[in-house]
Number of protein chains: 2
Amino acid sequence: MTPEFNSWQSVQDEVLRRIHSRTWPPGAAIPNEAELAQEFGCARATVNRALQALADAGLLERKRRAGTRVALHPIRKATLSIPILRTEIEQRGATYGYGLIDRRLEVPPNPIRTRLGTGGAELLHTRALHTANGRPFVIEDRWVNLATVPAFAEVDLERFSANEWLVSHAPFTHGDIFFGADPCSITEAEALGCAVGAAVFTVERTTWNATAPITWVRLVYAPGYRMQTDL
Amino acid sequence: MTPEFNSWQSVQDEVLRRIHSRTWPPGAAIPNEAELAQEFGCARATVNRALQALADAGLLERKRRAGTRVALHPIRKATLSIPILRTEIEQRGATYGYGLIDRRLEVPPNPIRTRLGTGGAELLHTRALHTANGRPFVIEDRWVNLATVPAFAEVDLERFSANEWLVSHAPFTHGDIFFGADPCSITEAEALGCAVGAAVFTVERTTWNATAPITWVRLVYAPGYRMQTDL
DNA sequence: AAGTGGTCTAGACCACGTC
DNA sequence: ACGTGGTCTAGACCACTTT
């Protein structure tokens, strides 16, 4: 007798099997939800849930009226979780440490001013070092827009990292993030205790609350750092 | 009168508003689905859909019996789409080019052999250069396990890149991916036309089909490359 | 115009984890 | 043990897009 597919996961597994076995080759249209529901002996909503998950994963392409097709070039989507730095370090089984390097009110250089759109206003510029087992792990170089987050001016940055405070007190609605590789500058090399010009992994993140810019941060990881995720 | 929340998106917006306005502060428990459904005047399934989306986004933490809480440290999840290299270059408005550098059957060095778990077997080692507007963009250094993908042995790699062929012909069930920054080696510098030791962004990806290893690939991007995504 | 996916509803049962 | 989220169902209406 026909096996039963009474959970959306089992439906998803079966659809995956047909894609991998090329029963439904790349580019082909697959039966519509109603037909599949009948074949699988379940409700259409269950099929919908399964297909939607596969479309999110990039394996199917769905359009109203046009139906559902197997993606020609399955674009894999890797999800990076971006935890606070303390958690990132502790998850590696290391002891977390933190120290403030610098904190001053000043007008940011042009590229940052432009990205944040804060014009000629002064922002709070903070620099800090996060350590793992006492060894330099990452530099946090940050500009905070006090016009959006006035309470940040009062935070005792000797004790709490800007990273942590902002995450729990200044929710953002959207932002962008860039990953790259750069040669280590002189001041960065000094803080990280590595050679000038060494290849370092960098992250630059800008966040907004609605249209109000909150902060721009550049993270410079010590040489050898790798960021990982599963597919 | 009470506004109506008859779509899961509007429910999500309202919940978001309450989180941002700290009506429901970080760490607090929020009413259960049945209560919210009644308050919002919609079905519980609609509330469920909204809360589930927010939990996926890392803003809520849900546990059976324990209920739903606002996350203390909202872990942002950035999703990177990993397209085939041709598309990545064309999306930047550049002309895509491709050239095979090398192709030979050999036993991989120990680290790669260990990662793939192929023991002392020979794998197909290919090296290729992908160009944007004729300028070196990324080196693709790849080991393919012919035991899993025998058809790959017949592919004309002068015409089709390994990247593209594998994506459409060798679906993988899972894999992992590492991002890092490395100093450019001599051979890499030669292919990319940059200085030896320059900081380059690197990606290392391993993929399996069930338990069978398919391929290991290292991508070395030309200096200055950045990977971007939105939050 | 018509067919497809997208979503909502009301009710039900279940799995899990906390109490 | 029991309350919570997780899911399934059957039916319905709607939005979109292609024909």
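The values are calculated or read from the model by the stated rules, or taken from the named source; none is laboratory data. Worth saying up front: this structure is predicted, and the values here are computed from it rather than measured. Because the Cβ atoms are built from the backbone with ideal geometry, glycine has one as well, and the counts that use them run over all protein chains shown.
Would you mind finding the one in B:Ala147, B:Ala151 that is in a helix (DSSP H, G or I) and not polar (S, T, N, Q)?
Exactly one of B:Ala147, B:Ala151 is in a helix (DSSP H, G or I) and not polar (S, T, N, Q), namely B:Ala151.
Please go through the range B:39-77 and give me each residue that is away from DNA strand D (no atom under 13 Å from the Cβ) and at positive phi, ordered by number.
Residues satisfying the conditions are B:Gly41, B:Gly58.
Since B:Ala151 meets every condition but one in (1) within 14 Å of chain A (Cβ to nearest Cβ); (2) within 19 Å of the chain's Cα centre (by Cα), which condition does it not meet?
Single failed check for B:Ala151: (2).
Would you check which residues across the range B:22-70 are of a type in the set (Ser, Thr, Tyr) and within 14 Å of DNA strand C (Cβ to nearest atom) and list them?
Answer for the range B:22-70, where residues must be of a type in the set (Ser, Thr, Tyr) and within 14 Å of DNA strand C (Cβ to nearest atom): B:Thr46, B:Thr68.
Out of the residues in the range B:164-173 meeting the condition of being surrounded by fewer than 21 Cβ atoms within 10 Å (Cβ to Cβ) and closer than 20 Å to B:Ala128 by Cβ, tell me which one is nearest to the other protein chains (Cβ to nearest Cβ).
B:Ser168
Against the condition part of a strand (DSSP E or B), in the same structural domain as A:Arg104 (by TED's automatic domain parsing), under 17 Å from the mean Cα position of the chain (by Cα) and in contact (Cβ under 8 Å) with a residue 24 or more places away in the chain, how does A:Phe137 come out, does it pass?
No.
Could you look through the range B:192-231, keep only residues that are surrounded by fewer than 21 Cβ atoms within 10 Å (Cβ to Cβ) and of a type in the set (Gly, Ala, Ser), and pick out the one that is farthest from the other protein chains (Cβ to nearest Cβ)?
B:Gly193
For the list (1) in a strand (DSSP E or B); (2) more than 30 Å from B:Val220 (Cα to Cα); (3) at the interface with chain B (Cβ under 9 Å from one of its Cβ atoms); (4) not hydrophobic (A, V, I, L, M, F, W, C), I need the number of the one condition that A:Asp176 fails.
Single failed check for A:Asp176: (2).
Which strands (runs of 3 or more DSSP E) does the range B:1-105 wholly contain that include 3 or more residues that are within 14 Å of chain A (Cβ to nearest Cβ), touching a residue at least 24 places away in the same chain (Cβ under 8 Å) and surrounded by 15 or more Cβ atoms within 10 Å (Cβ to Cβ)?
It comes to B:76-82.
Do we find that A:Gly58 is of a type in the set (Gly, Ala, Ser) and in contact with an Asp or Glu (Cβ under 7 Å, 6 or more places away or on another chain) in this structure?
no
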